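A.B. asks: First the structure, then my questions, so here it is.
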Amino acid sequence: MATMLLGKKIGMTSLYDEKGVLVPLTVIQVGPCYVTQIKTEETDGYNAIQIGFEDKKEKRTTKPLKGHFEKAGVKPKRALHEVRVPNPQDYELGQELTVQLFEGVKRADVICRSKGKGFAGVMKRHGFAGGRDSHGFEWHRHPGSIGASAYPSRVFKGTRMAGHMGDKRRTVRNLKVFKVIPDKNVILVRGSVPGARNGYVVVRRAKDER
């Protein structure tokens, strides 16, 4: 059985739980996803299925991908993801997978891409304190020394410096599944999830739930 599905972050909301506590929630549209390819050990060396999520215009699809989707008997999809499964023979091309996969699941992991912040300095990127703001000091937001001169006469790998911030793949583990709404293909998880609204995410069962 597949343990993960593609989805899209809708935004955040809050609801009261059974104890009357206001709980912050992330709203994620999960599926419907469609099986676009089936891989087996005999043909590919491992067992997996490829799933597609959210339709896109045919004119914006390349010819190789158009043929790939036609073979599966589905409309072109915006997002594709591969899911390892122990029994690929249980799936068919074009089969629909919905959020019902998560009914009864208590915890889930969400894989997403964080918001890109562009080129950022060390104070924003790493939380450096910066320099003094008085007494003629001219290096307020600079990183300071990044290495000695005589020894080691080089900058160590991994030294925290300014650079591109955000736009990284992130996994938030063991989020509590607050509610599953099958008729709307929506799952509500407790807490926040990195990334912008309408960004694609992968929702999978937590390790203890697989």
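A.B. asks: Excluding H140 itself, calculate the net charge of residues whose Cβ lies under 15 Å from the Cβ of H140, where each Lys or Arg counts +1 and each Asp or Glu counts -1.
C.D. replies: +1
A.B. asks: Right, next: Mind listing which trypsin sites (Lys or Arg not before Pro) in the range 1-55 are in a DSSP loop and have 16 or fewer other Cβ atoms within 10 Å?
C.D. replies: Counting only loop positions with at most 16 other Cβ atoms within 10 Å, the trypsin sites (Lys or Arg not before Pro) in the range 1-55 are K19.
A.B. asks: Once you list every other residue whose beta carbon is under 11 Å from the beta carbon of R197, what net charge do they have if Lys and Arg are +1 and Asp and Glu are -1?
C.D. replies: So the environment of R197 carries a net charge of +3.
A.B. asks: Also: Mind checking which aspartates and glutamates have their C-alpha under 16 Å from K57, skipping anything on the same chain fewer than 8 residues away?
C.D. replies: Reachable aspartates and glutamates: E70.
A.B. asks: May I ask you to give the average projected area over all directions of the convex hull of the Cα atoms of the range 121-166, in nm² rounded to one decimal?
C.D. replies: 4.1 nm²
A.B. asks: Can I ask one more? Which ³J(HN,Hα) values, rounded to whole Hz and listed in residue order, are derived for the range 109-115 from phi using the Karplus coefficients 6.51, -1.76 and 1.60 in 6.51 cos²θ - 1.76 cosθ + 1.60 with θ = phi - 60°, glycine and proline given as x?
C.D. replies: Karplus values, whole Hz, x for Gly and Pro: 9, 10, 9, 8, 10, 5, 5.
A.B. asks: Between 0 and 90 degrees, rounded to the nearest ten: what's the tilt of helix 63-72 against the longest Cα principal axis of the chain?
C.D. replies: 50 degrees
A.B. asks: Could you give the distance between the Cα centres of the range 9-52 and the range 176-193, to the whole Å?
C.D. replies: 10 Å
A.B. asks: So which GluC sites (Glu not before Pro) in the range 13-94 are both in a DSSP loop and have at most 13 other Cβ atoms within 10 Å of their Cβ?
C.D. replies: Passing sites in the range 13-94 are E18, E92.
A.B. asks: Which entries of K8/K184; K39/K168; K8/K115; K9/K39; K59/K115 have Cα-Cα distances beyond 22 Å here?
C.D. replies: Violating the 22 Å limit, Cα to Cα: K39/K168; K9/K39; K59/K115.
A.B. asks: Additional query: Restricting attention to the range 77-174, which chymotrypsin sites (Phe, Trp or Tyr not before Pro) occupy a DSSP loop and are surrounded by at most 14 other Cβ atoms within 10 Å?
C.D. replies: Sparse-neighbourhood loop chymotrypsin sites (Phe, Trp or Tyr not before Pro): F137, W139, F156.
A.B. asks: Taking the Kirkwood radius as the inverse of the mean 1/r across Cα pairs, report the Rg/Rh of the chain.
C.D. replies: In the chain, Rg relative to Rh is 1.12.
A.B. asks: Sticking with this structure for a sec: What number, in percent, do you get for the relative contact order of the range 121-166 if the mean sequence gap of Cα pairs under 8 Å and at least 6 apart is divided by its residue count?
C.D. replies: Dividing the mean separation by the residue count of the range 121-166 yields 40 percent.
A.B. asks: Same structure, new question: If you average the sequence gap of Cα pairs under 8 Å that are 6 or more apart and divide by the length of the range 1-62, what percent do you get for the contact order?
C.D. replies: 28 percent
A.B. asks: Okay, moving on. Go ahead and estimate [θ] at 222 nm for the chain from helices alone: -39,500 (n - 2.57) per DSSP H run with n ≥ 4, summed, over the residue count, rounded to 500.
C.D. replies: So the helix-based figure for the chain works out to -2000 deg cm²/dmol.
A.B. asks: Given H placed on each backbone N at 1.01 Å, which residues far from K39 in sequence or on other chains put an amide H within less than 5 Å of it?
C.D. replies: A48, I49, Q50
FYI, it's all coordinate maths here, none of it is from the lab. Since the model is a prediction, treat every value here as computed from it, not as a measurement. Heads up, the Cβs are rebuilt from the backbone with ideal geometry, glycines too, and the neighbour counts pull from every protein chain shown.
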